[in-house]
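Below: one structure, written as C-alpha cells.
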Amino acid sequence: MDEIREKLFYEQKNGYDIIGTEERIALEDYSREYMQFLNYARTEREAVKLAIDLAKAEGFVEYKYGMELKPGMKIYRSNRGKALMLAVMGEKCLCEGAVIAGAHVDAPRIDLKQKPLYETDELAYFKTHYYGGIKKYQWVTIPLELHGVVALKNGEVLDVAIGRESEDPQFVITDLLPHLAKDQVSKPMNEGIKGEGLNILIGSVPYADEGKDRVKLAVMSILNDRYGIAEEDFLSAELTAVPAFEVREIGLDRSLIGGYGHDDRVCAFAELKAMLDLEGVPSKTCVCILADKEEIGSMGVSGMQSRAFECFMEDLCEQTGASARRCFENSFCISADVCNAFDPNFPEVSEKRNEAKLNYGMGICKFTGARGKSGTSDASAEVVAHLRRIFADNDVVWQMCELGKVDQGGGGTIAQFMANRNIDTIDAGVPVLSMHAPFEVVSKFDCYMTYKGVLSAYNEKY
Ligand code: MN
Ligand code: MN
C-alpha cells in the first residue's frame, strides 16, 4: 500500500528531514555571509558597491567595450552605480545562449522629497514620498537611518549614511498616542497613516540667532558642517530613510533571519554568491543581474526594462562573434525573486496546497500576476521540467508555489521583461514572511537552497 503511494503521490518533506549534517553546517556558514551582506546593503547603490567589492576579490574585472573575452573570464559592468551585471564567460559560443539569474536590489523605503526640509512648531522635519508597496502604518515609530547621495552642481557626488554607526543619531516618524487615537483607530488601516503624514523628525534645537525657522537653520547648519551642503542641494539628491534594524537570527533555534530588504537582496546575494563560487569554466556563459527599480515597475534606465541589459549582452556577443538575437533565443533565465511564505496567522489569504512553506526550499512560481494570471510571463511546462531535472540532479530542495488565493491580490517580478526579450524565464526564490515590512523574515534553509539552485543552473553541463 505505502509502496504504491510513494510511487504515485507527490509528497513534500520539511527540508530539515532531507539534508544531512554537512549541509546543515554549510547553510549556517552561508547564512552568516548573507546576514553581513544584508546588514551593509541598505540601498541599491550600497548593494551594488558591496557586490563589486566582493566580485573584485574573486578576480572579476570591470568590462570595458572592446575588451578581449576568453572562456573563464570574469567581468562586471555597473549600470550607473545602481544596477550591476556580472558574467563568467563559458566554453560555448554565446549564440548557444547564456544562463542568466536576475534579482533586484532595490527595496520598499521612504524617499525624501526634493524639497524636504521644513520647520513647524519649533521642530524640524523631512517631507517624504514613499517608494514601493508599503503598509504605511508599519513605518512609524521605528528607528530609521538616512542613506543616499547628494549630487552637487560641480559634478561631485557625496555619499550619505547617517544612523549606521552606533555613535550616529537616527530618525523616526511619530504616531499618535492611543489615548487620543479614538478617531484614528476606527479608520480603515490604509487611512490611519497617510502618505503625506510620513514626515521624519530630524531636530528640535533652535539656532542661537533671531529670525524665523531657527530649528531648520540649526539642522541645515549641521548638514553643512558634515557634508558642506546647502538646502538647494537637496534638489539633486537621492536620500532615503530605511529601517535601522540590525539583521538578526530569529527564533530560539536560530533557524530564521530577520532584517530589512530580504526582498530581494536575499536572492541577489544567492545569485551573486553562486557566481563568485563558480569553479572552472562553465559550459555556457553565466550572467548575474542585480537590477534596480523592480519595486516600482522595473522602469527607468537602471530598471530591468532598460536596454542597459541588451547593451551589455550585445557587447559580449559582438566581441565573441555571436548573434545577440540567437543568444537571447537560446538563453535560460531564473528570475530570482522572493515569494510569499504561508503565514499561519493569516491562513485566509492562502490556498495551502499551492503556497510556499518555510523550510521547504527554493520556491518556484510558474506564473505570478493577478486576477486570472494577468501580467505574468508564465513559464512553459518545458522550462519547469528543465529546472526539475537540474534540481533533481543536484539535490536542490525546492517547492512549487503561487502567491495567495485566486483573486486575493497578486504581484509581478522582472520575469515578464526577461521573457519579452525572447528568453525562457521562470520565477524562483526565497519564501518570505511579512514581505515589504521594515523587518522581514526568511528561513536560513530556503536562503541556502536558493543559492544552491542558482549554482546548479550555472554549473549545468549543456
Ligand atoms: Mn521582489
Ligand atoms: Mn517586492
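Structural remarks
- Interatomic Cα distance distribution for the stretch 1-43, bins of 5 angstrom, percent: 5, 16, 13, 14, 13, 12, 10, 6, 5, 4, 1
- DSSP-assigned coil residues among GluC sites (Glu not before Pro) in the stretch 268-334, each with at most 10 further Cβ atoms within 10 Å: E279
- Mean separation of Cα contacts under 8 Å, 6 or more apart, over the residue count of the stretch 89-181: relative contact order %: 19 percent
- Short-range pairs are left out: with C-alpha atoms under 8 Å and at least six residues apart, the relative contact order of the stretch 291-356 is 15 percent.
- Stretchable slack from R371 to D395, in nm (0.36 nm times residue separation minus alpha-carbon distance): 5.2 nm
- 20 Å binning of all Cα-Cα separations within the chain, expressed as whole percents from 0 upward: 24, 53, 21, 2, 0
- Helical mean residue ellipticity (222 nm; -39500 (n - 2.57) per DSSP H run of 4+; nearest 500) of the chain: -8500 deg cm²/dmol
- For the chain, excluding the exposed loop sites themselves (trypsin sites (Lys or Arg not before Pro), DSSP loop, at most 11 other Cβ atoms within 10 Å), the longest remaining stretch covers 213-306.
- Contour minus Cα-Cα distance for Q184 and E68 (0.36 nm per residue): 35.4 nm
- Each Cα pair under 8 Å and six or more residues apart adds its sequence gap; the mean of these over the residue count of the chain is a relative contact order of 22 percent.
- Here's how it looks for S323: its modeled amide H is under 5 Å from those of C95, which are all 5 or more places away or on a different chain.
- Karplus 3J(HN,Hα) series, Hz, for the stretch 148-164 with 6.51 cos²θ - 1.76 cosθ + 1.60 (x for Gly, Pro): x, 9, 10, 8, 8, 4, 7, x, 6, 10, 9, 7, 10, 8, 10, x, 6
- Segment D168-R325, length gained on full extension (0.36 nm per residue, minus Cα span): 51.4 nm
- In terms of surrounding Cβ atoms within a 10 Å radius of their Cβ, Y462, Y34 rank from fewest to most as Y462, Y34.
- Label point 7 Å beyond Cα of E28 along Cβ direction - residues of the stretch 244-282 with amide nitrogen under 19 Å: 248-258
Coordinate-derived values only; no laboratory data. On a predicted model such as this, the values are computed, not experimentally measured, just so you know. For neighbour counting, all protein chains shown are included, and Cβ atoms are generated from backbone atoms with ideal geometry for every residue, glycine included.
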